[in-house]
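Asks: Sharing a structure below in structure tokens format, with a few things to ask.
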């Protein structure tokens, strides 16, 4: 005779383990992006020159009337109708015919936006267009855009190591690693983004479960 009590308990236990693993994955993704935003800020302040501008980003300084912000917005136009916009509090990735996603710091939860380019620069989060709810109609676009942003970040870090060298990124992370923050080692940073993209692409349901927590 089947002990239904044990069966349900085992199922609950597996569900709890899966939820805990997904929570850990989301925290890892959040830690990755927080560290990435720090690195972008240090790349701007690079002693030899602003790295973002050197690789083609256009810099927009805050207008005088925006007293609520002091740092610049950086925008890069890519091939195939894609673009990246970086701000201290997050990053936007857009692609023609798909729309865009905005990923804010402190919680890995990309927001889907219907437009592939931002109509106004994001000096604060109030300048962003409203989030669009995820539905069957835009679910595939949302995943593609999220993976597109992750892939671009991984390529960016690979390029930093290739052109500026591993010691540069290691030095960047010296002041980030205050023994309170989670720190991903410089030699694992780019691969960590690629691994995250792989985990999402191989199990889309886990990704949406992660977004629901």
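Asks: So, of the residues in segment 48-71 that are modelled with pLDDT of 95 or more and part of a loop (DSSP other than H, G, I, E, B), which turns out to be farthest from residue 121 (Cα to Cα)?
Replies: 48
Asks: Residue 74 versus (1) more than 26 Å from residue 207 (Cβ to Cβ); (2) outside any strand (DSSP E or B); (3) under 18 Å from the mean Cα position of the chain (by Cα): which is the lone unmet condition?
Replies: Status for residue 74: all satisfied but (2).
Asks: I'm checking my understanding of the structure. Among residues of segment 169-184 that are surrounded by 12 or more Cβ atoms within 10 Å (Cβ to Cβ) and free of Cβ contacts under 8 Å to residues at least 60 places away in the same chain, which one is nearest to residue 31 (Cα to Cα)?
Replies: Only one residue fits best here, namely 177.
Asks: Restricting to segment 61-87, name every residue that is surrounded by 13 or more Cβ atoms within 10 Å (Cβ to Cβ) and out of contact with any strand residue (DSSP E or B) (no Cβ under 7 Å at 6 or more places or on another chain).
Replies: 62, 66, 69, 71
Asks: Still on this structure: Residue 148 is checked against (1) over 13 Å from the mean Cα position of the chain (by Cα); (2) part of a helix (DSSP H, G or I) and fails just one. What number does that condition carry?
Replies: Failed condition: (1).
Asks: Sticking with this one: Give segment 84-122 a look and list any residue that's outside any strand (DSSP E or B), over 9 Å from the mean Cα position of the chain (by Cα) and within 24 Å of residue 135 (Cα to Cα), or say none.
Replies: Within segment 84-122, 96, 97, 98, 107, 114, 115, 116, 117, 118, 119 qualify.
Asks: Out of the residues in segment 123-145 meeting the condition of being crowded, with 16+ Cβ neighbours inside 10 Å, over 13 Å from the mean Cα position of the chain (by Cα) and under 15 Å from residue 85 (Cβ atoms), tell me which one is modelled with the lowest pLDDT.
Replies: So the residue we want is 123.
The values are calculated or read from the model by the stated rules, or taken from the named source; none is laboratory data. Please read these numbers as outputs of a predicted model, since none were measured by experiment. As a convention, Cβ positions derive from the backbone with ideal geometry for all residues, glycine included, and neighbour counts pool all protein chains shown.
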